[in-house]
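The values are calculated or read from the model by the stated rules, or taken from the named source; none is laboratory data. These numbers come from a predicted model, not from an experiment. Neighbour counts run over all protein chains shown; Cβ positions are idealised from the backbone, glycine included.
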Amino acid sequence: MSDHPLYQLTLVRFREFLREPEALFWVFGFPLLLAAGLGLAFRNTPAEVLTIGVVGPELAAFENAPTLSVEPFAAVDEGLRALREGRVALLVERPANGSVLYHYDDTNPEGRDARLRADIAVQQNAGRTDPVAAQDELMREAGSRYIDFLIPGLLGMNLMGGSIWSMGFAIVDARRRKLMKRLIATPMPRHYFLLSFLISRLAMLVVEVGAFLGFAVLVFGVPIRGSLALVAAICVLGTLAFGALGLLLSSRAKTIEAASGLMNLTMLPMWILSGVFFSSQRFPDAVQPIIDALPLTALNDALRATMLQGATVTQIAPQLGVLAAWLAVCFPVALKLFRWR
Amino acid sequence: MSEAALRVQALRKAYQDVVAVSGLDLEVPAGQCFGLLGPNGAGKTTTIEICEGLTARDSGDVEVLGMRWETDARALKQRLGIQLQETQLSDKLTVEETVRLFRSFFDKGPTPDRVIALVQLEEKRRSRVGTLSGGQKQRLALACALVGDPEILFLDEPTTGLDPQARRQLWDLIEEFKRAGKTILLTTHYMDEAERLCERVAIMDHGKIIALGSPRELVASIGVEHVVEFSADGAERLDLAALRAINGVRDAQIDNGVIRMQVTALHSAVPSLLAELVRLDIRLTELRTHSATLEDVFVTLTGRHLRDE
């Protein structure tokens, strides 16, 4: 068994991968670092305390407003300077006629926010009572945070990059070295060569996805509400679809440069459009059908729905269909175009 | 010599508008080492790759071990050993892993260990291919060609770019394979390689065979046994016609300031040449003579040197 050509070819795939430290980092280290960094940057924090400036001695109005920190100013000029320099988000002035004047930048969300909070405090202090009693109940549940949105997106992006790069570079390198030509001069069945990529990729997938999701669940408490088997199936289908795309992209290229240009050109739109870092819903409605047809959008949406909303296979059938279609189109075309030399 | 191991008839191959092989006939009896000798671009590699089943021919007939590529490709590949001109094996694999990989493609053949021993790479067994010297890489390529215990070995420029010691080491290995009675087709642009290894040589130029025979026959065919080359201060005063008139000299040319004479009788030609130089008061800076080689055959047939680009 150890002498079977498919086994030997697959071993070669692993050896070449594991003996390339950079590849190891990009596949395993980088996504974890990215998730950790972004998770830290976008962690959820309670409502911030905003600093406002008040001209004159009338500070009593804001004593019951815990989300405002008040800085008194003796003169308007002084207060305006602080506003311009961003030390305060809003400057409150009380003209002699009993009204209130707010200085702020309405394009700055903090300014608008401070204006609202300060006005409520001023009006209530002057005796206004709200006609409707309001109560707050806070929801900070896992599953609706930014990190929860991010993790399935990063996983999808990773599966795409891993499949396309590992496939593309290895194939183009073997062609450039005339190693493929040498291999087809032997009795090696040609499909074994391509099959070895698939097998090694799927085996690597277990480690890759396992490490990444394990990290996300343990460190960030990202939920996996749907079935693990379905998540695994989506990952496998995604890998097959992107593997076929990678094979297509590398079917002719003779140099690494040509291939990497082609690969980046293919992946770049998907990094932006397919909802990795932010929702693809932000793009205009007119382009939504195109975005939905991209394989990475399908993969990300399927992963998100399964992990965050606990979707079942029938609920993500459209996304699975898109991935299957990419596989069904790319693979035969790639085989047809493929050059061994 | 029973049947031919390799038979090529009226082979033609063109790339776009460049004719690489133009009507080539070849027959290599089993057990013979046959050399395709010629300059770069003569069509050697195209010819050998058509025989290896890697390149499709435009027309003509190719028969290897009595089989044809169209119908018997799988069976044929099991019986051939191939070394290509520019293959770079994977740098990240070790020698042993590489040989084991190639061995796995063949139904029968020696163990990887035996092949590694055969090409004398035992000490490098666990070294990465990327760390090997040029000669060691070529020996590994030869090992990959030998793993299937082939009946025919195709070697495309096996020693190009190697230092003299590495070349001799590789020649020894090829001779060992010859002694086992196997057939070899090799291409080279080194005449000494062809002379040392090949029983028969075809000299190729512009996609055609321009001479065919054993190295000895080919050298004899130009009717010249020796070559005298010299350079001298004031050589431009020499009259080539006068040199050609010397008894025992067949021809003389000047090439890059070096005068080259094809000589049938060294003992009469050299004294006459020296006398002529003394008479004209021309000082010799260098004088060499050697027995005629395949290189001289090529120069005689084409007027060009083998290594001219």
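What's the total number of residues in segment B:249-298 that are of a type in the set (S, T, N, Q) and in a strand (DSSP E or B)?
Initially, segment B:249-298 is screened for residues of a type in the set (S, T, N, Q), giving B:253, B:256, B:262, B:264, B:268, B:272, B:285, B:289, B:291, B:293.
Okay, now just the ones that are also in a strand (DSSP E or B), so B:253, B:262, B:285, B:289, B:291.
Final tally of qualifying residues: 5.
Restricting to segment A:154-206, and then to whatever is more than 28 Å from the chain's Cα centre (by Cα) and among the small types (G, A, S), can you tell me which residue is farthest from the other protein chains (Cβ to nearest Cβ)?
A:S196
Restricting the search to segment A:96-125, which residues are of a type in the set (A, V, I, L, M) and in contact (Cβ under 8 Å) with a residue 60 or more places away in the chain? It would help to see each step written out before you state the result.
First, pick out the residues of segment A:96-125 that are of a type in the set (A, V, I, L, M): A:96, A:100-101, A:114, A:116, A:118, A:120-122.
Hits for segment A:96-125 are A:A114, A:A118, A:A121, A:V122.
Across segment A:83-93, what is the number of residues that are surrounded by 16 or more Cβ atoms within 10 Å (Cβ to Cβ) and either in contact (Cβ under 8 Å) with a residue 40 or more places away in the chain or not charged (D, E, K, R) (or both)? Steps first, please.
Within segment A:83-93, the subset surrounded by 16 or more Cβ atoms within 10 Å (Cβ to Cβ) is A:83, A:88-93.
Imposing the further condition that a residue be either in contact (Cβ under 8 Å) with a residue 40 or more places away in the chain or not charged (D, E, K, R) (or both) reduces the set to A:83, A:88-92.
Counting residues in segment A:83-93 that are surrounded by 16 or more Cβ atoms within 10 Å (Cβ to Cβ) and either in contact (Cβ under 8 Å) with a residue 40 or more places away in the chain or not charged (D, E, K, R) (or both) gives 6.
Take the conditions surrounded by fewer than 23 Cβ atoms within 10 Å (Cβ to Cβ) and either among the aromatic types (F, W, Y) or within 12 Å of another protein chain (Cβ to nearest Cβ) (or both) and apply them to B:T71. Does it pass? Even if it seems obvious, please write down each step before you answer.
Details: surrounded by fewer than 23 Cβ atoms within 10 Å (Cβ to Cβ): yes; either among the aromatic types (F, W, Y) or within 12 Å of another protein chain (Cβ to nearest Cβ) (or both): no.
Criteria not met by B:T71.
Please find, among A:A61, A:A23, the residue that is assigned by TED's automatic domain parsing to the domain that holds A:R112 and modelled with pLDDT under 80. Lay out the reasoning, then the answer.
Details: A:A23 fails: assigned by TED's automatic domain parsing to the domain that holds A:R112.
Only one candidate passes the filter, namely A:A61.
Which numbered condition trips up A:E63, out of (1) loosely packed, with under 15 Cβ neighbours inside 10 Å; (2) closer than 28 Å to A:L18 by Cα?
Of (1) loosely packed, with under 15 Cβ neighbours inside 10 Å; (2) closer than 28 Å to A:L18 by Cα, only one is false for A:E63: (2).
Which of the following residues is modelled with pLDDT of 90 or more, over 21 Å from B:T159 (Cβ atoms) and either in the same structural domain as B:I174 (by TED's automatic domain parsing) or not basic (K, R) (or both): B:V28, B:V8, B:V18? It would help to see each step written out before you state the result.
Numbers: B:V28 fails: over 21 Å from B:T159 (Cβ atoms); B:V18 fails: modelled with pLDDT of 90 or more.
One residue alone meets the criteria, B:V8.
Would you confirm, using the coordinates I've provided, whether B:L287 is outside the structural domain of B:I210 (by TED's automatic domain parsing) and at pLDDT below 90? Full working, then the answer.
Values: outside the structural domain of B:I210 (by TED's automatic domain parsing): yes; at pLDDT below 90: no.
No.
Just one of (1) within 11 Å of chain A (Cβ to nearest Cβ); (2) surrounded by fewer than 16 Cβ atoms within 10 Å (Cβ to Cβ); (3) not small (G, A, S) trips up B:Q120, so point out which.
Failing condition for B:Q120: (1).
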